[in-house]
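Just so it is clear, none of the values below were taken in a lab; they were calculated from the coordinates. A quick note: this is a predicted structure, and the numbers were derived from the prediction, not measured. Cβ placement follows ideal geometry from the backbone for every residue including glycine, while neighbour counts extend to all protein chains displayed.
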Amino acid sequence: MLQQTQVATVIGYYQRFMQRFPTVAQLAESPIDDVLHHWTGLGYYARARNLHRAAKIIEHEYAGEMPATQEQLEALPGIGRSTAGAIRALAMGQHASILDGNVKRVLARFHGIHGYPGETRIAKELWRVAEAHTPKQHTAAYTQGIMDLGATLCVRRKPNCPNCPMLKRCEAERSGTSAQLPSPKPKKAKPVKASRFFIVSLPNKATLLEQRPMDGLWGGLWTPPERNPETTTEAFLDELSLTPEHLGEQINDQTFRHTFSHFHLDVEPIYLRLKQAPLHVADNAARWVNPTQIDAENEPLGLSAVAVKLLATQPHPQRALEL
DNA sequence: TAACCGTGGGC
DNA sequence: TGCCCAAGGTT
């Protein structure tokens, strides 16, 4: 959960997740929909799918016993070099190194390492000094200490240098470059994509959701049907084996922009209220769900933030058109 | 190597 | 408001 996600954001999710899945065995036995439901809103949903897969591997390949070597841990889905090092150093007391955002910042400043840390050459240099500093005794305390140094004093903006215990040995302090380190990511223009979401509801408020493929954006989550902007209402209804006579009301809500890490998505919401339910929905990856019950634990489905917004902010019905 | 993967905090 | 970034990893 903590990968690329701030601690304060994680805490609530962690507590609810651990209450629902207290052991590796219970996580491994649970349906993926329930796992993703508890991940809803956290983002990077591959982490949830990988954690679920890793629990199954630990249960079935390691007899429920957590593997303890760097190689075995890195072989688990979702665990890379840094997370494996964190598990070994913090949970197992082994001699192992980590390199998270905090440690990168502390080391880049302490050694005056210029260049974007995502660049291979810079990353190799950071890993080299990270391992060189890691003591063989008290590894867990050192590891927590250097992370906390980055989280409390050596912060990204306006670091508290006067109170830093490493001040006299800090290269960025000597050269006055702490404000420029670590070097920022080279910026690139974000492409803009557009898509149309059809929010189809029945008189009893049940709303149609589709499960997305397990890979790609919002993999495994459920959203209202997403189609390209050329898809007309008639074509979409025809896809559901519905005729325009089933349609009670259509509201084309205001397009809004959702910003991701690497692109923008212009969302066109189209609300369709049906007069009567279709006899069946052919696709088995589609379900009718009452939005008010999704948070009530009896509908354990993962929902993206955009899906939550589309379901929560339904425009008011137009009386004249309702019938 | 570089693109991809989400959401919220903070300025 | 728009931008950068966060206890990174996978393809």
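Note on the stretch A:4-75 and the stretch A:118-159: Cα centroid distance 25 Å, given to the nearest whole angstrom.
Sites listed here are chymotrypsin sites (Phe, Trp or Tyr not before Pro) in the stretch A:124-205 whose DSSP assignment is loop and whose Cβ has at most 13 other Cβ atoms within 10 Å, and the list is empty. Of the GluC sites (Glu not before Pro) found in the stretch A:40-134, the ones in coil according to DSSP and having at most 14 other Cβ atoms within 10 Å of their Cβ are A:E65, A:E119. Considering chain A at the alpha-carbon level, its Rg and Dmax are found to be 24.6, 78 Å.
For the stretch A:100-186, the Cα-based Rg and Dmax, in that order, read 12.3, 38 Å. Summarising the strand pairing of the stretch A:192-322, around 60 percent of its internal DSSP beta bridges are antiparallel. Just so you know, the averaged projected area of the alpha carbon convex hull for the stretch A:9-96 sits at 5.7 nm². Angle of helix A:120-133 to the longest C-alpha principal axis of chain A, folded into 0 to 90 degrees and rounded to 10: 50°.
Go from 0 up to the bin containing the longest alpha carbon distance in the stretch A:192-322, width 5 Å each, and give me the % of pairs per bin. Histogram of Cα-Cα distances, whole percents per bin: 2, 9, 21, 24, 22, 14, 6, 1, 0. Compare A:Y116, A:Y45, A:Y271 in a GNM of chain A, Cα atoms joined below 10 Å, and give the one with the largest fluctuation. Of A:Y116, A:Y45, A:Y271, the Gaussian network model singles out A:Y116 as fluctuating most. Listed peptides A:167-179, A:84-96 appear in the order A:84-96, A:167-179 once ranked by packing, highest mean of other Cβ atoms within 10 Å at the front. Computed from the C-beta positions of A:V192 and A:E71, the FRET efficiency with R₀ = 45 Å rounds to 0.60. Convex hull volume per residue, computed on the Cα atoms of the stretch A:152-207, equals 163 Å³. Modelled spin-label separation between A:W288 and A:H262, with each label point placed 7 Å from Cα along the Cα-to-Cβ direction: 4.0 nm.
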